[in-house]
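Before any comments, here is the structure.
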Amino acid sequence: MELGEFERDNAGSCRLSSPVPELCRAGPCCLGIDEAGRGPVLGPMVYAVCYCSLAKQEELGALKMADSKTLTEAEREQLFGTLERARDFVGWALHILSPNLISTSMQQRAKYNLNALSHDTAIGLIQHVLDAGVQAVEVFVDMVGPAEKYQEKLKRHFPELEVTVRPKADSLFPIVSAASICAKVARDRAVKNWTFPEDLGDVRMEYGSGYPNDPKTKEWLAQCLDPVFGYPQFVRFSWSTAQTILESKAVPVRWDDSEDDPAQKGTRSVLSFFARKESSKRQPHRFFHECKLETVTGL
């Protein structure tokens, strides 16, 4: 799994995939989807789809995939190596979402929460493997939000597929377990090899697990905060943990043109000064009268 494309530009998103096995182009396949890094305040979130020929379900079971959360990093790396050696009947694709993209998406003016971002990423991955020629007939997905609504949403987008959304799908379906391992291995590597474009000075890179309730993570967040510019792009600044530290330790910012501020009601918008003013109707030139020409439409 080569993450060089994302590591060169870790401010946005990146989609990576393995070669599609001929078996998956020629015959029906199942897909599994899972993510890693949904909860941490640090680092990217990675969505993965793994697919396998239905004719090779027994072989997939023999690979002994498991929920990545129950495994050590070494065990996950070992199982990912097993998947890579099964490339004649198994393939995968990843979508890596940077912390910067996650936070800016969630804080845009039109509401776009993490569930919606997750759903759209999963839909994009399914479409990606279909476009690559994978003959998918069924897909198994780990639950994000209410399972029934998520399942209906996926069926509307892919009516030709048999869709199953379940809580803890990564421990119920081997193909979802395989996706879980792909996602977690990719996130672990992305975090470990993260390139900081910012100059953090003497700040140590001991940031713990990255989860908001980890004391090491909280301590690192306090240390790396710039009072004016905020956090490096490694931090999901939209998370409440980061917001709390920003509010208490960063320089306060006042947005005088905020449309949501009740105190600004009645204040003219900046755009109003550039609006075209309605002028009195001008009399047409006498040429039009003499030639008996009339305006039939306005531009």
Filtering segment 116-157 for residues that are closer than 15 Å to GLY32 by Cβ and either charged (D, E, K, R) or over 20 Å from the mean Cα position of the chain (by Cα) (or both) leaves a count of 5
Does segment 100-158 hold any residues that are acidic (Asp, Glu) and closer than 28 Å to ALA11 by Cβ, and which are they?
ASP120, ASP131, ASP142
With the condition kept exactly as written, say whether any residue in segment 33-42 is at positive phi and either outside the structural domain of ARG236 (by the TED database) or under 12 Å from the mean Cα position of the chain (by Cα) (or both).
yes
Considering only segment 148-244, give the helices (runs of 4 or more DSSP H) lying wholly within it that have at least 3 residues that are open to solvent by 70 Å² or more (accessible area, probe 1.4 Å).
215-224
When the residues of segment 61-101 are narrowed to those that are within 30 Å of PHE237 (Cβ to Cβ) and of a type in the set (Lys, Arg), which ends up surrounded by the most Cβ atoms within 10 Å (Cβ to Cβ)?
ARG76
Kindly list the number of the only condition in (1) in contact with a Lys or Arg (Cβ under 6 Å, 6 or more places away or on another chain); (2) open to solvent by 20 Å² or more (accessible area, probe 1.4 Å); (3) in a helix (DSSP H, G or I) that fails for GLN127.
(1)
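Yes or no: GLU58 closer than 26 Å to LYS192 by Cα, open to solvent by 20 Å² or more (accessible area, probe 1.4 Å) and in a helix (DSSP H, G or I)?
Numbers: closer than 26 Å to LYS192 by Cα: no; open to solvent by 20 Å² or more (accessible area, probe 1.4 Å): yes; in a helix (DSSP H, G or I): yes.
For GLU58, the condition - closer than 26 Å to LYS192 by Cα, open to solvent by 20 Å² or more (accessible area, probe 1.4 Å) and in a helix (DSSP H, G or I) - is not met.
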Residue pairs qualifying under the 9 Å Cβ cut-off, at least six apart or on distinct chains, with the first in segment 112-123 being without any contact (Cβ under 8 Å) to a residue 12 or more places away in the chain and the second being of a type in the set (A, V, I, L, M), are TYR112/MET106; ASN113/MET106
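Being surrounded by 24 or more Cβ atoms within 10 Å (Cβ to Cβ) and assigned to a helix (DSSP H, G or I) narrows it down to one of CYS50, CYS24, so name that one. Break it down into steps so the answer makes sense when it comes.
On the way: CYS50 fails: assigned to a helix (DSSP H, G or I).
Going through CYS50, CYS24 in turn, the sole match is CYS24.
The values are calculated or read from the model by the stated rules, or taken from the named source; none is laboratory data. None of the values given here were measured: they were computed from a predicted structure. For neighbour counting, all protein chains shown are included, and Cβ atoms are generated from backbone atoms with ideal geometry for every residue, glycine included. Side chains included, ligands, DNA and RNA excluded: accessible areas come from the protein's heavy atoms. Shrake-Rupley method; radii C 1.70, N 1.55, O 1.52, S 1.80 Å.
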